[in-house]
Amino acid sequence: MPADPMPADPMPALRFPAGFLWGTATSAYQVEGNNTRNQWWLFEQQPGAIWHGDRSGLACDWWNHAEVDFDLMERMGHSAHRMSLEWSRIEPEPGRFDSTAIERYRALLDGLRRRNIRPMVTLHHFTNPLWLEQAGGWENPAAIVRFQQYVRYAVRALGDLCDQWIPLNEPLVYVVQGWVRGIWPPQKTHLLAALRVFRHLLQAHGVAYQTLHANSPGAQVGYALPVRVFQPSDPKRWLDRKAANLKRYLVEHLWVTGAADGKLRFPLGLDEYQHSLADSADFIGINFYTRDLVRFHPDPRRLFGEEHFSPDGEYSDQGRQGVYSEYAPQALHQIVREVNAFHKPIYITENGLPDHDDDQRPRWLLGHLHALYQAIQQGCDVRGYYHWTLTDNFEWSEGWGLRFGLVELDPATQLRRPRPSAALYSAIARTNAISETLVQTYAPELHPILFPTAAPQQQNARKR
Ligand code: IFM
């Protein structure tokens, strides 16, 4: 009997490559709760440090009950999760490693794997043990050796459960918030110290890369680069173009080129070559939330540029520092194409927006995934997407004021309520595709952009 012909594709869809990873990203301090031994816990106690006087408190209670959220991920068909380890739990005093903490992390990683969710582990996501802070933190080059010892311990203890590692999350954000804007601990405004910290972080990345590989030969090690794709406010104005380029150089190029050719470029150094840093990324992670326009400003403390959003842009929710982000998926497309020139696999290690009532998230999600889809069609090697984040969590100095979750969380009761975008993301993850029906249902206004050749559809199918 002749085989049945392949059924015609029932519905047009933008299909992602086989094996593409779909997940969410979190960090230990933001979700675990009661991380009392690091500098952020101390900082939180200062009046006015956190918006509305919020506290991280139990956060999402992951130290006790992360499995509640793992079950949610599994039910939503996620295939990956990026989480971080809390250094101050693992090494509460210098050189004393806590086996109970490591056992809990083993249980977490095992819990993800048993649900067919591939873990990616970040080793440093903004928090430091108090003892490291008291010894000068990352301003002191001794932090590099301390970090290496912690990384070695962690990979030896957990390397059989995880093969994707990121030593440091968003180093530039850590430096700018802590030493340039002075709004995160250690609350300094000191450019030279900022550069010293940045140099040490880049060196630490290289050292951690080697340590991870030496102790877990099959490991894949990358970094999570915060990208804002600075663009000149007025492209015809030379000073705006120079100011935007300077920001891109400092925020993106220094790190990416350093991790490729091993050179500490000016102003981090004078092109000194660091053997451990050369070719120290098996993949490149992009954390993308917005693009910034840059207008020249004579103040060197602003690095000669003032950032702003497009006056006619669409904005996400507003926090204590003003609008958080502007809808600019084309900038994600641009950066993915640029990073692809380094010939490394690319992961979107964070992308999302604060949107407490979820009236923008479905469209922003579809718009950004479409930008990724186009980059993949053009040959970019993108392997996965981690939405920030699963449940609302403690958003640093914005406290609980900015809500990034696919799932709404009430931190007082720990009740979770999936937002509509959770179902949308689940449908995409399950099918590895964006179908026309999903676009019609969640963001019909995007239909002509995502499916330009399809017949016009009814425009009244929007949910809610
Ligand atoms: O919550 C943060 C995360 O810790 C680092 N990247 C940006 C997220 C949203 O602001």
### Task
Can you confirm whether the range 200-208 contains a residue that is modelled with pLDDT of 95 or more and either surrounded by fewer than 18 Cβ atoms within 10 Å (Cβ to Cβ) or acidic (Asp, Glu) (or both)?
no
### Query
Quick one: how many residues across the range 141-178 are open to solvent by 10 Å² or more (accessible area, probe 1.4 Å), in contact with a Lys or Arg (Cβ under 9 Å, 6 or more places away or on another chain) and under 14 Å from PHE198 (Cβ atoms)?
1
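Name the residues in the range 307-327 that are assigned to a strand (DSSP E or B), touching a residue at least 40 places away in the same chain (Cβ under 8 Å) and more than 11 Å from the ligand (Cβ to nearest atom), would you? Please lay out each step first, then the result.
Pass one, the range 307-327, residues assigned to a strand (DSSP E or B): 307-308, 315, 318-319, 322-323, 326.
From what is left, the residues that are touching a residue at least 40 places away in the same chain (Cβ under 8 Å) are 307-308, 319.
GLU307, HIS308, listed by residue number.
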### Query
When GLY182 is evaluated against the numbered criteria (1) away from the ligand (no atom under 16 Å from the Cβ); (2) more than 18 Å from the chain's Cα centre (by Cα); (3) at negative phi, which criterion, by number, is the only one it fails?
(3)
### Summary
Per the list (1) within 16 Å of the ligand (Cβ to nearest atom); (2) over 23 Å from ASP317 (Cβ atoms), residue check on TRP364 breaks on (2)
## Note on the structure
Per the filter on the range 398-421, residues assigned to a loop (DSSP other than H, G, I, E, B), away from the ligand (no atom under 14 Å from the Cβ) and surrounded by fewer than 18 Cβ atoms within 10 Å (Cβ to Cβ) are ALA412, THR413, GLN414
### Task
Take the range 442-454 and flag every residue that is surrounded by fewer than 17 Cβ atoms within 10 Å (Cβ to Cβ) and either part of a helix (DSSP H, G or I) or within 16 Å of the ligand (Cβ to nearest atom) (or both).
GLU445, PRO448, ILE449
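Can you tell me which residue among VAL407, VAL439 is in contact (Cβ under 8 Å) with a residue 60 or more places away in the chain, hydrophobic (A, V, I, L, M, F, W, C) and either in contact with a Ser or Thr (Cβ under 6 Å, 6 or more places away or on another chain) or at positive phi (or both)?
Values: VAL439 fails: either in contact with a Ser or Thr (Cβ under 6 Å, 6 or more places away or on another chain) or at positive phi (or both).
Residue meeting the stated conditions: VAL407.
Taking the condition within 15 Å of the ligand (Cβ to nearest atom), within 16 Å of the chain's Cα centre (by Cα) and not small (Gly, Ala, Ser), does GLU350 pass?
On the way: within 15 Å of the ligand (Cβ to nearest atom): yes; within 16 Å of the chain's Cα centre (by Cα): yes; not small (Gly, Ala, Ser): yes.
It is true that GLU350 is within 15 Å of the ligand (Cβ to nearest atom), within 16 Å of the chain's Cα centre (by Cα) and not small (Gly, Ala, Ser).
Taking ASN128 as the residue in question, decide whether it is within 25 Å of LEU72 (Cβ to Cβ) and either modelled with pLDDT of 95 or more or open to solvent by less than 40 Å² (accessible area, probe 1.4 Å) (or both).
Numbers: within 25 Å of LEU72 (Cβ to Cβ): no; either modelled with pLDDT of 95 or more or open to solvent by less than 40 Å² (accessible area, probe 1.4 Å) (or both): yes.
Judged against the criteria, ASN128 is not a match.
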### Query
Which one is surrounded by the most Cβ atoms within 10 Å (Cβ to Cβ), of the residues in the range 377-397 that are more than 15 Å from the ligand (Cβ to nearest atom) and more than 21 Å from HIS81 (Cα to Cα)?
CYS380
### Query
Among the residues of the range 1-39, which ones are at pLDDT 95 or above, open to solvent by 70 Å² or more (accessible area, probe 1.4 Å) and small (Gly, Ala, Ser)?
ALA18
### Subset of the range 324-349 [open to solvent by 10 Å² or more (accessible area, probe 1.4 Å) and under 13 Å from TYR385 (Cα atoms)]
PRO345, TYR347
### Summary
Among the residues of the range 40-61, the number that are open to solvent by 10 Å² or more (accessible area, probe 1.4 Å) and in contact with a strand residue (DSSP E or B) (Cβ under 9 Å, 6 or more places away or on another chain) is 1
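Out of the residues in the range 211-233 that are under 30 Å from HIS297 (Cβ atoms) and not in a loop (DSSP other than H, G, I, E, B), which is farthest from the chain's Cα centre (by Cα)? I'd like the intermediate steps shown before the answer.
So in the range 211-233, the residues under 30 Å from HIS297 (Cβ atoms) come out as 223-233.
From the residues that got through so far, the ones that are not in a loop (DSSP other than H, G, I, E, B) too are 223-227, 231-232.
Working: TYR223: 10, ALA224: 6, LEU225: 8, PRO226: 7, VAL227: 10, GLN231: 21, PRO232: 24 Å.
Within the range 211-233, the match that is farthest from the chain's Cα centre (by Cα) is PRO232.
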### Task
Would you be able to say whether some residue in the range 146-169 is touching a residue at least 60 places away in the same chain (Cβ under 8 Å) and within 16 Å of the ligand (Cβ to nearest atom)?
yes
### Any hit, the range 427-441, residues being of a type outside the set (Ser, Thr, Tyr), assigned to a loop (DSSP other than H, G, I, E, B) and touching a strand residue (DSSP E or B) at 6+ places or on another chain (Cβ under 9 Å)
yes
### Task
Could you please give the count of residues in the range 268-306 that are buried (at least 22 other Cβ atoms within 10 Å of the Cβ), of a type outside the set (Ser, Thr, Tyr) and assigned to a loop (DSSP other than H, G, I, E, B)?
3
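The values are calculated or read from the model by the stated rules, or taken from the named source; none is laboratory data. Small disclaimer: the values here were computed from a predicted structure and weren't measured. As a convention, Cβ positions derive from the backbone with ideal geometry for all residues, glycine included, and neighbour counts pool all protein chains shown. Note: areas computed on protein heavy atoms with side chains; ligands, DNA, RNA excluded. Shrake-Rupley method; radii C 1.70, N 1.55, O 1.52, S 1.80 Å.
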